[in-house]
Amino acid sequence: MSIAVESPGLSETQRQIVELARDFARTKIAPFAAEWDRTKRFPRDVIAELGKLGFLGMCTPEEWDGMGVDGVTYLLALEEIAAADAAISVSMSIQNAIPTTMLVKHGTPAQKERWLKPLARGELLVGFALSEPEAGSDPASMQAQAVHDAAGWVLNGLKAWATNGGTADLMMIMVRTDAPASRRGAKGISTFIVPTDTPGYRAGKPEDKMGLRASNTATVALEDLHLAPESLLGDEGMGFVYAMEGLDAGRLGIAIQAVAIARRALELSIAYCAERRQFDRPLHDFQAVQFKLADMATRIEAARALAHSAAARKDRGEDVAPYASMAKLFASETAMWVTTQAVQLFGGYGYMRDFPVEKLFRDAKVTEIYEGTSEVQRIVIARGLSGR
Ligand SMILES: Cc1cc2nc3c(=O)[nH]c(=O)nc-3n(C[C@H](O)[C@H](O)[C@H](O)COP(=O)(O)OP(=O)(O)OC[C@H]3O[C@@H](n4cnc5c(N)ncnc54)[C@H](O)[C@@H]3O)c2cc1C
């Protein structure tokens with residue numbers, strides 16, 4: 001029995017993609033992940049290599065230089081990268097999901113030519129800035145604003161915790177475009193495509209995080225940032241809707257990132273319990289240990305199935321908001337629970353930085369927080385149940 005996804009049941013294309021991703025993850029990421037975590041180094045060169053292999057534009061249609069694969073195939077590749085280092089997979093997930101979904105659905109042909117193609121080829125790195133210091137779970141209460149001027153738009157405000165905020169070439173930024181007096185909530189928000197070398201774009205210093213330490217997370221200040229009219233994505237006032245559509249795709253990526261963290265913790269736990277001896281026998285001889293491992297495996301398998309099922313629904317064009325939330329909720333709570341069990345199985349060694357389950361435990365936590373906390377996922381699911 002394998003905890004990783006194995007060949008039977010995969011199409012030939014999926015098998016090749018999984019093998020390519022697994023090989024890349026094992027040779028170019030896994031051996032260096034602990035060092036990147038310790039030094040907080042964001043390996044831009046490795047991200048660029050992922051781009052060259054096509055892994056940053058997996059679901060982008062081929063006419064826009066993407067791989068054009070289905071959602072499940074994308075999740076299979078993402079799982080392999082995330083099992084090696086969740087800090088790398090978060091960039092892969094964002095690039096493939098939120099900004100790309102928004103551009104594919106709402107970009108003009110000119111915007112797709114200029115931005116979507118280089119994003120799909122991995123020549124540009126992208127981020128997504130919705131949250132603000134005072135607007136996290138309730139992003140519609142954001143304050144950052146764009147106003148018209150003679151040449152286009154002028155943006156001012158502060159965005160919080162933007163992944164790749166200090167390393168991206170391009171950011172999709174949500175700001176208010178309604179008048180302060182009218183404040184139409186979610187309906188007054190628009191999305192702008194912002195090259196990060198635009199004067200007035202200022203990223204703060206990288207946040208010092210508990211986990212995903214190699215990933216860049218930064219505050220972004222928008223200071224009289226001037227944009228041409230063609231920087232607006234889609235229709236004025238629709239940016240919040242576009243962001244929520246992007247988040248449906250994003251949450252599936254975070255779900256599979258959580259599955260991968262949990263899977264790695266279980267793989268390490270199985271090996272450790274076969275090796276570590278107490279009371280003159282390996283730990284895996286104790287039934288209490290066997291039951292723990294069995295529960296870990298069962299939850300991981302269920303979490304992966306939920307994520308794949310939601311991705312298949314998305315591929316069929318269904319409204320997946322509650323299903324994406326179920327997948328993220330269940331997988332992130334599984335990752336936190338499984339990594340807690342793994343640290344426990346490793347005992348004192350599990351608490352030490354020298355052993356990899358400690359990093360997995362730290363990396364797991366954020367999957368319950370970003371792209372909507374577990375409480376927000378429950379709100380989305382409950383809304384789906386009540387038909388609102
Ligand atoms: C590493 C990292 C990377 C991130 N990357 C990005 C990014 O790229 N782009 C971006 O826009 N944002 C990003 N974020 C921000 C992230 O999406 C927010 O942190 C998250 O949405 C929660 O918002 P908050 O931190 O303001 O918490 P709050 O909204 O202040 O919530 C605090 C607590 O209150 C609970 N709560 C809030 N409202 C309710 C309610 N109605 N019912 C029950 N409980 C509630 C929450 O669940 C949480 O437990 C990132 C965050 C982190 C940590």
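The values are calculated or read from the model by the stated rules, or taken from the named source; none is laboratory data. Bear in mind that the values here come from a model prediction, so they are computed numbers and not experimental data. All Cβ positions, glycine included, derive from the backbone under ideal geometry; neighbour counts span all protein chains shown. SASA here: full protein model, heavy atoms, side chains in, ligands and nucleic acids out. Shrake-Rupley method; radii C 1.70, N 1.55, O 1.52, S 1.80 Å.
Restricting attention to helices (runs of 4 or more DSSP H) lying wholly within the stretch 315-386, give those where 1 or more residues are in contact with a Gly (Cβ under 8 Å, 6 or more places away or on another chain) and surrounded by 24 or more Cβ atoms within 10 Å (Cβ to Cβ).
On the way: elements: 321-346, 357-365, 374-385.
It comes to 321-346, 357-365.
Sort out which residues of the stretch 192-209 are open to solvent by 100 Å² or more (accessible area, probe 1.4 Å) and more than 16 Å from the ligand (Cβ to nearest atom), and write them in order of number. Talk me through it step by step, then tell me what you get.
The initial filter retains those residues of the stretch 192-209 that are open to solvent by 100 Å² or more (accessible area, probe 1.4 Å), namely 197, 199, 202, 205, 208.
Within the stretch 192-209, Asp197, Pro199, Arg202 qualify.
Scan the stretch 107-120 and give yes if some residue there is surrounded by 18 or more Cβ atoms within 10 Å (Cβ to Cβ) and within 16 Å of the ligand (Cβ to nearest atom), otherwise no.
yes
Which of the residues that make up the stretch 59-97 are away from the ligand (no atom under 14 Å from the Cβ) and among the polar types (S, T, N, Q)?
Thr60, Thr73
Sort out for me the strands (runs of 3 or more DSSP E) sitting completely within the stretch 176-288 that have 2 or more residues that are among the hydroxyl-bearing types (Ser, Thr, Tyr). Break it down stepwise before answering.
On the way: elements: 189-195, 201-203, 217-227.
The strands (runs of 3 or more DSSP E) meeting that bar are 189-195, 217-227.
Does any residue in the stretch 158-175 that is within 8 Å of the ligand (Cβ to nearest atom) come within less than 6 Å, Cβ to Cβ, of a residue that is open to solvent by 10 Å² or more (accessible area, probe 1.4 Å) and modelled with pLDDT under 95 six or more places away or on a different chain, and which pairs are these?
Note: no pairs meet the criteria.
Of the residues Glu6, Glu35, only one is without any contact (Cβ under 8 Å) to a residue 40 or more places away in the chain and part of a helix (DSSP H, G or I); which? I'd like the intermediate steps shown before the answer.
Numbers: Glu6 fails: part of a helix (DSSP H, G or I).
Just a single option satisfies the conditions, and that option is Glu35.
Could you identify the single residue in Ser190, Ser215, Ser269 that is touching a Ser or Thr at 6+ places or on another chain (Cβ under 8 Å) and more than 24 Å from Leu56 (Cβ to Cβ)? Can you show your working first?
Details: Ser215 fails: more than 24 Å from Leu56 (Cβ to Cβ); Ser269 fails: touching a Ser or Thr at 6+ places or on another chain (Cβ under 8 Å).
Every option except Ser190 fails the conditions.
Could you list, in sequence order, the residues of the stretch 136-154 that are more than 15 Å from the ligand (Cβ to nearest atom), under 25 Å from Lys105 (Cβ atoms) and of a type in the set (A, V, I, L, M)?
From the stretch 136-154, those more than 15 Å from the ligand (Cβ to nearest atom) are 145-154; that's our starting set.
Okay, now just the ones that are also under 25 Å from Lys105 (Cβ atoms), so 145-146, 148, 152-153.
Within the stretch 136-154, Ala146 is the sole residue that qualifies.
Yes/no matrix, rows are residues, columns are (1) open to solvent by less than 10 Å² (accessible area, probe 1.4 Å); (2) of a type outside the set (Gly, Ala, Ser); (3) over 27 Å from Leu116 (Cβ atoms):
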{"residue": "Arg213", "(1), (2), (3)": "no, yes, yes"}
{"residue": "Glu230", "(1), (2), (3)": "no, yes, no"}
{"residue": "Gly234", "(1), (2), (3)": "no, no, no"}
{"residue": "Ile254", "(1), (2), (3)": "yes, yes, no"}
{"residue": "Gln257", "(1), (2), (3)": "yes, yes, no"}
{"residue": "Arg276", "(1), (2), (3)": "no, yes, yes"}
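Going by the structure shown, is Val126 within 13 Å of the ligand (Cβ to nearest atom) and touching a Lys or Arg at 6+ places or on another chain (Cβ under 9 Å)? Spell out how you get there, then give the answer.
Details: within 13 Å of the ligand (Cβ to nearest atom): yes; touching a Lys or Arg at 6+ places or on another chain (Cβ under 9 Å): no.
So Val126 does not fit the description; no.
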